[in-house]
1. For the range 160-196, give me each residue that is within 25 Å of Ser85 (Cα to Cα) and loosely packed, with under 13 Cβ neighbours inside 10 Å.
2. So, of the residues in the range 43-81 that are β-branched (Val, Ile, Thr) and surrounded by 24 or more Cβ atoms within 10 Å (Cβ to Cβ), which turns out to be modelled with the highest pLDDT?
3. Quickly run through the range 275-293 and pick out the residues that are surrounded by 12 or more Cβ atoms within 10 Å (Cβ to Cβ), assigned to a helix (DSSP H, G or I) and more than 16 Å from the chain's Cα centre (by Cα).
4. Filtering the range 148-159 down to residues that are within 15 Å of the chain's Cα centre (by Cα) and aliphatic (A, V, I, L, M), which residue is surrounded by the fewest Cβ atoms within 10 Å (Cβ to Cβ)?
5. For residues that are of a type in the set (S, T, N, Q), over 15 Å from Leu76 (Cβ atoms) and modelled with pLDDT of 90 or more, tally how many sit in the range 138-159.
6. Just to confirm my filter: which helices (runs of 4 or more DSSP H) fall fully inside the range 173-233 and include at least 3 residues that are closer than 16 Å to Thr261 by Cα?
7. Report, by residue number, each residue of the range 95-127 that is more than 17 Å from Glu56 (Cβ to Cβ), open to solvent by less than 40 Å² (accessible area, probe 1.4 Å) and under 14 Å from the mean Cα position of the chain (by Cα).
Amino acid sequence: WGGRAARAGAGAGALALTAGWSIEAERYAACYAKGLASAAVPAAAVASASSGMLAERALLLYQYEICPFCNKVKSLLDYFDVPYSTLDVNPLTKSELKFSVYKKVPVLTASGGVQINDSADILTFLLSELRAAGALPESSTFASPEALKWSTWVDKELAVYIYPNITRSYNESFEAFGYVETVPHFTMVDKLSNRYLGAVAMYFAQGKIKKKYGIVDERAEMLVKLREWTDALGKKNFLGGEQPNLADLCVFGCLRGIKDTTTYAEIMRESDILPWYQRVEAAVGSSARIKRE
């Protein structure tokens, strides 16, 4: 895949997790008004940021492994080859965030006491740091108005379908929570409680989420959204042209986070998105994550 240089109980806990995801979507429009300057990046311009100042910031991302908003942040870091660590937050206790008044994910911390509390502000921070590190020239169109428009679309119109789709049945909810089995610092009690109780809570919360967003047939409607994306791509390799832009990475990250689920397998089979997805996957390359805590 090379080429990175070229490119309060179980129920309450799980409901809080999903509420955090939906709140993130609502924050994104405001984020882009706050400072993502117009900025696809020429291959020669995508210099590895690992030797720049951003690599020295000791980035730690507090996350849920399947959260679409967390995965968009990771896709950006992976694409620019910026080393980072992740710490999975226990959805039921949030104990990993006891230092913070803010209890949602993602949260990014960096050396010098920096804490950025939601994905919107995290992307703003990272793009600013990438420019300062020389990995994102000011003249590039990586975060062009079109890229920002589609990035907002990801959060407000695509990501909201992730939760209802991965929780269509108890079995799929249980499947989605399978990631907790791989969290290094979770105890057996943490893993069992989240895998079983969390899956139950997620399944029963699904109806509320569908009602909130006016969703009737979550799978069919998600496929419609993906068709909107592929229609926008047209015959281009990426929305950014010859290289992925911010929107490409946002859509990719949103989908990559659920790659081990039935939802992912079905949407790849029933839509035209797979060729584009594989191109972005190759451009992003392997993960720049250096540690999962």
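The values are calculated or read from the model by the stated rules, or taken from the named source; none is laboratory data. Bear in mind the structure is a predicted one, so any value in this text is a computation, not a measurement. Here Cβ is always computed from backbone atoms with ideal geometry, including for glycine, and neighbour counts include all displayed protein chains. Protein only, heavy atoms only, side chains kept; ligands, DNA and RNA dropped before computing areas. Shrake-Rupley method; radii C 1.70, N 1.55, O 1.52, S 1.80 Å.
1. The answer is Glu181, Thr182, Pro184, His185, Thr187, Met188, Val189.
2. Step by step, filter the range 43-81, then rank; the result is Val73.
3. Matches in the range 275-293: Trp276, Gln278, Arg279, Ala282, Ala283.
4. Leu158
5. Residues flagged as of a type in the set (S, T, N, Q), over 15 Å from Leu76 (Cβ atoms) and modelled with pLDDT of 90 or more within the range 138-159 amount to 2.
6. Result: 199-213, 218-233.
7. If the condition is that a residue be more than 17 Å from Glu56 (Cβ to Cβ), open to solvent by less than 40 Å² (accessible area, probe 1.4 Å) and under 14 Å from the mean Cα position of the chain (by Cα), then Val105, Pro106, Val107, Asp118, Ser119, Ala120, Ile122, Leu123 are the ones that fit.
This table checks each residue for (1) touching a Ser or Thr at 6+ places or on another chain (Cβ under 9 Å); (2) over 25 Å from Tyr64 (Cα atoms).
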position: Gly214; (1), (2): no, yes
position: Met222; (1), (2): yes, no
position: Glu228; (1), (2): no, yes
position: Gly234; (1), (2): no, yes
position: Phe238; (1), (2): no, yes
position: Glu242; (1), (2): no, yes
position: Lys259; (1), (2): no, no
